[in-house]
Amino acid sequence: MRELILAIESSCDETSVAVIENGANILSNIVASQIKSHQRFGGVVPEVASRHHVEQITLCIEEALAEAGVSVEELSAVAVTQGPGLVGALLIGISAAKAFAWAHDLPLIPVNHMAGHIYAARFVKPLEFPLMALLVSGGHTELVLMEEDGSFEIVGETRDDAAGEAYDKVGRVLGLPYPSGKEIDRLAHLGEDSYHFPRAMIHENNFDFSFSGLKSAFINLVHNAEQRGEVLSTEDLATSFQASVIDVLVTKTIRACQTYPVKQLIVAGGVAANQGLRQALEEAVASQLTDVDLLIPPLRLCGDNAAMIGAAAHVAFAKGELADTSLNAIPSLAFQSKTNE
């Protein structure tokens, strides 16, 4: 039977609507980005993001259905991001999804945004369990163990700044436009690791992360140099910063996969688009995890998009995890952590 899910994503600064067939085929994936609107502020402004979602959501729904060549009558369900994210932005998507589902008498599927990032890998190849997912997205840096479809257990997470947050803050210090991650990655391939920033918690006997100390060390180095009138190499700063982030992410991830025997390692989220991280993980998995299959979604599916929400919704739909019109946003929605058991 053909299952068609209309998926809506509005957790931050992308308004996205997709039509997903049987959880694995992307018939359409419309993304209306707000980057230019937020660049002048150096980051996402929640009120501005919400207003853009209001302007774009209906247009994106219409375009997604048209591009997919699907009528409303053919749809099986409507899925929407419930959290985590900006509460105002989430509410726009949820309100649209609830209205659409009610008007057309369709089931409503709430989806965890972070589960969506993991399931973006489903468009590369079928998932095999157990698997480990390294989630590096915005304010999240987590290692998530999945024993089966729809089961998520955090085995390691950041204790302060996430990797993506550190990139943004370092980018501002370097005077790079928002979002700065892509430019730091580009510069990092042009310099040398000459500043040797700390690798926080890399040798500790756990799978948690910390990037606050790295961010502070970077800022202090740059500010002290400015006070002395010393000129630092932007390329070397980028290289040294990225080398620290990647060393910690790769070391902890490989160790987690060795501790929890898994069949696949998924790298997901916006920072998964980082070429330095991709290359380092490919090399580490090839040499240290020869029985593990590394899955990294294509670049277009690393950022926020509705296709990934539709993929995760396929699993939730099969499990009967539905919502009614009382569905509300949960901006701090999270997976279970081993430390919280």
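The values are calculated or read from the model by the stated rules, or taken from the named source; none is laboratory data. In this text the structure is predicted, and so the values were computed from the model without any measurement. Virtual Cβ from ideal backbone geometry, glycine too; neighbours counted across all protein chains shown. With ligands, DNA and RNA removed, areas are computed over all heavy atoms of the protein, side chains included. Shrake-Rupley method; radii C 1.70, N 1.55, O 1.52, S 1.80 Å.
Calculate the spin-label point distance for GLU74 paired with ASN22, positioning each point 7 Å from the Cα along the beta-carbon direction, and give it in nanometres. Distance between label points: 1.5 nm.
Note on the chain: GNM, Cα springs under 10 Å; of PRO261, PRO179, PRO84, the largest mean-square fluctuation is that of PRO261. Among THR81, THR290, THR251, the largest mean-square fluctuation in a Gaussian network model of the chain (Cα springs under 10 Å) belongs to THR290.
What is the calculated FRET efficiency for ASP149 to ASN206, with r their C-beta to C-beta distance and R₀ = 30 Å, to the nearest 0.05? Don't skip to the end; give the middle numbers.
Values: r = 27 Å, r/R0 = 0.90.
For ASP149 and ASN206, the calculated efficiency is 0.65.
Of the residues LYS125, LYS215, LYS98, the one that moves most in a GNM of the chain with alpha-carbon contacts below 10 Å is LYS125.
Sorting 156-164, 200-208, 115-123, 28-36 by average packing, meaning the other beta carbons within 10 Å per residue, from highest down gives 115-123, 156-164, 28-36, 200-208. Across region 322-336, coupling constants 3J(HN,Hα) worked out from phi with the 6.51/-1.76/1.60 Karplus curve, θ = phi - 60°, read 10, 10, 10, 6, 8, 3, 10, 6, 10, x, 10, 3, 9, 6, 6 Hz, and Gly and Pro carry x. Helix-only arithmetic for the chain: the sum of -39500 (n - 2.57) across DSSP H runs with n ≥ 4, divided by the residue total, places the mean residue ellipticity at 222 nm at -13500 deg cm²/dmol. Surface composition of region 188-227: carbon plus sulfur atoms hold 48% of the accessible area, using a 1.4 angstrom probe and ignoring ligands, DNA and RNA.
Residues of region 1-45 with an amide N closer than 19 Å to a point placed 7 Å from the Cα of GLU55 along the Cα-to-Cβ direction: 9-17, 30-45.
Hydrodynamic radius of region 1-117 by the Kirkwood approach over all distinct alpha-carbon pairs: 14.2 Å. Modelled label positions at SER233 and HIS189, each set 7 Å beyond Cα in the direction of Cβ, lie 1.8 nm from each other. Take the Cα coordinates of region 83-173, assign each an equal point scatterer, and use the Debye formula without solvent to give log10 I(q)/I(0) at q = 0.11 Å⁻¹. Calculated log10 I(q)/I(0) at the listed q: -0.44.
Percent of Cα pairs in region 157-225 per distance bin of 5 Å, from zero to the largest separation: 3, 16, 22, 28, 19, 9, 3, 0. Computed over protein heavy atoms with a 1.4 Å probe, the accessible surface of the chain works out to 42 Å² per residue.
For PHE129, the shell of other residues with beta-carbons less than 10 Å away shows a net charge of -3, using +1 for Lys and Arg and -1 for Asp and Glu.
By the rule of a C-alpha distance below 15 Å, with chain neighbours fewer than 8 residues away ignored, the aspartates and glutamates paired with LYS319 are GLU3, GLU148, ASP149. Of LEU249, LEU65, the order by accessible heavy-atom surface (1.4 Å probe, DNA, RNA and ligands excluded), from most exposed downward, is LEU65, LEU249. Multiply the residue gap between GLU128 and SER337 by 0.36 nm, knock off their C-alpha separation, and tell me the result in nm, one decimal place. Gain in length upon complete extension: 73.1 nm.
Using just the alpha carbons, could you tell me how many Å³ per residue the convex hull of the chain encloses? Before the final figure, lay out the partial values.
Values: hull volume 44.7 nm³, N = 341.
Convex hull of Cα atoms, per residue: 131 Å³.
Dipole orientation for region 194-341: of the candidates SER212, LEU295, VAL262, VAL262 has the Cα lying most toward the positive pole (charges on Cβ; Lys, Arg +1; Asp, Glu -1).
Given the pairs LYS169/LYS263; LYS215/LYS252; LYS36/LYS169; LYS169/LYS252; LYS36/LYS125, which are separated by over 26 angstrom at their Cα positions? Beyond 26 Å between Cα atoms: LYS169/LYS263; LYS36/LYS125.
Cβ under 9 Å from GLY139's Cβ, GLY139 left aside: what net charge do those residues give with Lys, Arg +1 and Asp, Glu -1?
Values: positive: none; negative: ASP161, GLU165.
Here the count lands on -2.
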